[in-house]
Every structure is written in structure tokens, then in C-alpha cells.
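Here is the structure we will look at, set down as C-alpha cells.
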Amino acid sequence: MRGDQLTSSQREWLQKNVPLDPGEEIRWFYAGGMWSIEEDGQYFTNRRVVTYERDEAGKPQFLEALLEEVESIDEQPSTAWYEDTSITVATEYDVELPLLVSAEDKLDRKFIGELRECWQAARNARPPINESDQSE
């Protein structure tokens, strides 16, 4: 779902667990849980990508990366209507974030398309690397 479709209670839970910075907006969100977003989910903002799931003790475990640090976004499209599309976001620090997004109504295409747009915008806004700084 689009970030602006989250309910106020869903937003409060996400904000409590992974606070948004000023000016940061959730663009797309997907949760695999049937009844609650608290089971597992993934989303991206205009600045980062986040995935989470509950551990054995029931506590949510979050993994996140700044979009400017992302090196690649790879996808494995679903092959059946009931399967989710698998996305792997790899960072320049060798961290991989696994994401799952519903292929229903082509939501995966919309999610991935806007994720790529936000990623490119973040990379383009990154200050250029000064080659003289690297040689020292």
C-alpha cells in the first residue's frame, strides 16, 4: 500500500519502532501478516529502506539501509498469483535486505518502480566523491 494509506495506529507503531526523521515520508509499505503489520513488513521512505520480522521471543527485529548507500536492487518476480515478488536490496557495505511484496494488482511493479526512483534521487543528491580525498 502507499504510505499515505497507513492508518494512524499503524503509523504510530512504525514511528515507535523506527522513528522517521523530519521530512521523511513512507512511500510504500507491505506487510505479510494477515491481521497485523507487527508480524513482519517492509517499506521504504524517500531516504531509506526498512524490513522487519519478529524473532522467537516475539520482538520485532529491524534491518534498514539509507538509499544513498544502496548499490543494487534485484528482483525475482513471482511466478504465480499467490506468491510474493522477492526483492534484494544490496548496500555498499555488503548488507542485503530481503523484501517481499505482493504481486496482486501489480503492486510489486509499483513498489519496485518507485523504490528505484527514490534510490536514484538519493544517489544523485549524494555529494560527489573528491578523488584527491581517496588518494590520501
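Please treat every number below as a calculation from the coordinates, not as lab data. Keep in mind that what you see is a predicted model, and the values were worked out from it rather than measured. Positions of Cβ are generated from backbone atoms using ideal geometry, with glycine treated the same way; all protein chains shown enter the neighbour counts.
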To make sure I understand the rule: partners must be aspartates and glutamates, Cα under 14 Å from the Cα of K110, and not fewer than 8 residues away in the same chain. Which ones qualify? E75, D84
What do you get for the angle between helix 8-17 and the principal long axis of the chain? Use alpha-carbon atoms, 0 to 90 degrees, nearest ten. 50 degrees
With +1 on the Cβ of every Lys and Arg and -1 on the Cβ of every Asp and Glu, and nothing else charged, how large is the dipole of the chain about its Cα centre, in debye rounded to the nearest 20? 560 debye
With Rg and the Kirkwood Rh both taken from Cα atoms, where does Rg over Rh land for the range 3-125? 0.94
Give the angle, between 0 and 90 degrees and rounded to the nearest 10, that separates the Cα long axis of helix 107-125 from the longest principal axis of the Cα atoms of the chain. 20 degrees
Candidate lysines for bridging to K59, where Cα separation is under 16 Å - those fewer than 8 sequence places away on the same chain excluded: K16
May I ask you to list the residues of the range 61-83 whose amide nitrogen lies under 17 Å from a point 7 Å from Cα along the Cα→beta-carbon direction of V18? 61-74
